[in-house]
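What follows is a short report on a single structure.
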Amino acid sequence: MKGVLNDQSLIYQQIAQMLEDGILRGEYPDETAVPSTNELARAFNINPATAAKGVNRLVEDGLLYKRRGVGMFVAPGASEALRQKRQKLFAKDRVRDLVREAKRLKIDREELLQLVADEADKEELK
């Protein structure tokens with residue numbers, strides 16, 4: 001598992017976020033194992049209970065499930081469920097903020113759409 005912990009949010013939330021990111025990137029496809037809480041604890045030098053709290057959050061969200069005696073696995077459809085969840089959050093948080101800032105700056109709808117299209121072209125987002 002790759003990543004660096006920071007002081008910006010709770011450690012267990014960062015662990016959950018890293019696992020979610022890995023699922024979205026395809027590092028952990030459906031039905032594959034994710035690192036154990038002990039592996040996470042060693043990798044990030046944290047308490048195993050803290051790692052377990054992050055993993056358990058994903059279990060509660062239905063993204064991971066436990067195979068008794070084997071470990072935690074990515075639930076079927078987890079990637080798509082995560083994508084939909086994050087798209088809703090993106091629209092709610094980032095797009096709304098973007099539109100509000102454009103309004104404050106008196107950028108009209110067409111100008112805003114053009115700015116977004118230009119940035120999407122730069123990032124090769126089609």
Query raised in the report: Heavy-atom accessible area per residue, the stretch 54-93, 1.4 Å probe: how many Å²?
Result: 65 Å²
**Report entry** Carbon and sulfur %, accessible surface of the stretch 1-55 computed with the full protein complex present, 1.4 Å
**Finding:** 48 percent
**Report entry** Cα radius of gyration and Dmax for the stretch 57-126 (Å)
**Finding:** 18.6, 59
Requested in this report: Would you work out which of G26, L112, M72 lies farthest towards the positive end of the dipole of the chain? Charges go on Cβ: Lys and Arg +1, Asp and Glu -1.
Outcome: M72
**Report entry** Listed peptides 30-39, 79-88 by packing density, highest first (mean Cβ within 10 Å)
**Finding:** 30-39, 79-88
Query raised in the report: Size of the dipole of the stretch 67-114 about the Cα centre, Lys and Arg at +1 and Asp and Glu at -1 on the beta carbon, nothing else charged, in debye to 20?
Result: 340 debye
Query - Separation between Cα centres of the stretch 79-112 and the stretch 1-76, rounded to whole Å - result: 28 Å
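I'd like the per residue volume of the convex hull spanned by the Cα atoms of the stretch 3-61, given in cubic angstrom. Walk me through the intermediate numbers first.
Working: hull volume 4.8 nm³, N = 59.
Taking only Cα atoms, the stretch 3-61 has a hull volume of 82 Å³ per residue.
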Report task. Could you work out how far apart the two model spin labels at A33 and L10 are, taking each label as a point 7 Å from the Cα in the direction of the beta carbon, and quote it in nm? Result -> 2.8 nm
Report task. Tell me what the chain gives for mean residue ellipticity at 222 nm when only DSSP H runs of n ≥ 4 count, each as -39,500 (n - 2.57), the sum divided by the residue total, rounded to 500 deg cm²/dmol. Result -> -17500 deg cm²/dmol
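So if R0 is 35 Å, what FRET efficiency would D108 and Q87 give, r being the distance between their Cβ atoms, rounded to the nearest 0.05?
Once the sixth-power term is evaluated, E becomes 0.90.
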Query raised in the report: Which whole-number percent gives the relative contact order of the chain, counting Cα pairs below 8 Å spaced six or more residues apart?
Result: 22 percent
Query - FRET E, pair V70, N45, Förster distance 22 Å, beta-carbon r, rounded to 0.05 - result: 0.30
Query - Average Cα contact separation per residue, the stretch 58-126, under 8 Å, 6 or more apart, as relative contact order % - result: 15 percent
Report summary line: Percent of all alpha-carbon pairs of the chain at distances over 16 Å, whole number, is 68 percent
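The values are calculated or read from the model by the stated rules, or taken from the named source; none is laboratory data. All of these numbers come straight from a predicted model, not from anything done at the bench. Here the Cβ is made from the backbone with ideal geometry for all residues, glycine too, and neighbour counts use every protein chain on show. Remember, those area values only see protein heavy atoms, side chains included, never the ligands or the DNA or RNA. Shrake-Rupley method; radii C 1.70, N 1.55, O 1.52, S 1.80 Å.
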